[in-house]
Each structure stands twice: as C-alpha cells, then as structure tokens.
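The values are calculated or read from the model by the stated rules, or taken from the named source; none is laboratory data. The shown structure was predicted, so the numbers you read here are calculated from the model rather than taken from an experiment. Please note: Cβ atoms are built from the backbone with ideal geometry, for glycine as well, and neighbour counts cover all protein chains shown.
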Amino acid sequence: MTERKPIVITYRPGQGYWLVGGLLVVVIVALFLGRYWGSKVFGREMLEKVELEKRTTQLEAELIENNRNLSRISLSAEVDAVALENTRQEMIGLQRQIYRRGEELKLYQELLQDKNQPKGLSVSDLNLVAMDDGRFKYRWVARQKTVKMQTLSVYSEMWVLGTQGDQEVSLPLDMLDDQVKKLPIKLEFKYFSINQGIVQLPEGFEPEQVRITLRYTWMKEVQSDQKFAWKLEE
C-alpha cells in the first residue's frame, strides 16, 4: 500500500495583504475607467442636449416668424378681399349711374323732340313689373314744360285703384310701399324726375288703374291728374 505524503503550504502573512491590495487596485481601476467612460458619454449627451436646445430655440423662432408671416398674409388677403368688394360695389354703382344717365339722356332727348307734350306738369312712362315674391316694381316719370325751365318743387301723390270683393277701393302709395312714409311726396326737378319703388298689394285686391297727381308746392290746385291702366311688362 502506497504511503501518501502530506503537502505542506507555508503560510506567509504578507500574501493576504497583497491579495487585498490587488483587488483594491482592480476595483479602483474599474471605477476610474467607469467614471471616465461615464463622463465621456455624459459630455457627448450634454453636447447633444445643447444642440437640441439650440435647434428647438431656432425652430420656435422660425415658428413665431412663420405665424407672423401667416398673420400678415391673412390680413393682406382680408384687405385685398375688402378692396375687391369695394371695387366691385363701386363698379356696380358706376354701372347704375351710367344706366341712370343713359335713361336721363333718353328722356331729355324725348322731351326736346316731343312737340305734343302738354305745358306745365305731366306724368309719362309708367312701368309695372311683377316680382317673384308677389310684389310689384313701379317706375314713372314726372315732367314739366315751361317757358323758363328752372328747378321747381312739386308734390306728387299716387294711388292704385281696383276692387276688393264687390267694392271699389283706392289705395294710397304710403299704404303699399314701405319706403314711402306719407303723402304727398316732394320732388325737385328742372326737366323730369324718375320715381320708382316696390308695392305690396293686399290679399284679394284686384288692381285696375294707377292714378298719379302733380302740383306745385305753392299751389293747392292739382296741375296734373292722370290715370294709367294696370298693365304689367313682360
């Protein structure tokens, strides 16, 4: 039987210190390396954060400027729209003035050429047009022919004559036209005056004639009393 010899390890007190010291060195080196790596990563992240903050500030400034530009563009568009609408309204007004001037010129020419026009005041060119809402547009011309043509004041009154049921009815203009507050209506003109408006007839009323009177404001007697058939224009 083989005899086993015991192994004897000599214990030296300094070996434990060296082992602990080595471990401490490894730990310190690891901490140093970790701190160095962490500071390096932290520095890079801080640079990225600063860059992001700068970019955010830049984008915010660009957004504010874009909003200002958008506001200016919107305001400019609104101003342009208002200016365009004003121009359109001015054009409509000018077209109406041109049309009215054309009508006045035509009436003036007819007045000069009409040798049969009665002297003093008279009414002509009654025009009636039906509207889609059941109302009626009216238009008539007051004229005067005197030796000395000058601007004079004239009172005018207008009635629509007809029947309602079995009764004959005469309706004054101030009952039919909302824009006429009371009769007579005062007109001032030299050669002629174009008068127009819209009337609403009561239900069940059948119009037959239109009566128009004219007189000078300083006279009580009527100088012109004319009746026209209720005839609608096509």
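Points worth noting:
- Of all residues in the stretch 156-201 being of a type in the set (Ser, Thr, Tyr) and surrounded by fewer than 14 Cβ atoms within 10 Å (Cβ to Cβ), the one that is nearest to Ser224 (Cα to Cα): Ser170
Yes or no, residue by residue, for (1) modelled with pLDDT of 95 or more; (2) at positive phi; (3) of a type in the set (Val, Ile, Thr); (4) in the same structural domain as Val129 (by TED's automatic domain parsing):
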{"site": "Val160", "(1), (2), (3), (4)": "yes, no, yes, yes"}
{"site": "Val169", "(1), (2), (3), (4)": "no, no, yes, yes"}
{"site": "Met175", "(1), (2), (3), (4)": "no, no, no, yes"}
{"site": "Lys181", "(1), (2), (3), (4)": "no, no, no, yes"}
{"site": "Ile185", "(1), (2), (3), (4)": "no, no, yes, yes"}
{"site": "Lys190", "(1), (2), (3), (4)": "no, no, no, yes"}
{"site": "Ser224", "(1), (2), (3), (4)": "no, no, no, yes"}
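- Qualifying residues in the stretch 78-117 (those that are loosely packed, with under 10 Cβ neighbours inside 10 Å and not in a helix (DSSP H, G or I)) - the one modelled with the lowest pLDDT: Lys115
- Residues in the stretch 219-234 that are without any contact (Cβ under 8 Å) to a residue 40 or more places away in the chain and farther than 23 Å from Lys137 by Cα: Met219, Lys220, Glu221, Val222.
- Among the residues of the stretch 202-209, at least one is under 28 Å from Lys119 (Cβ atoms) and either assigned by TED's automatic domain parsing to the domain that holds Met131 or crowded, with 16+ Cβ neighbours inside 10 Å (or both).
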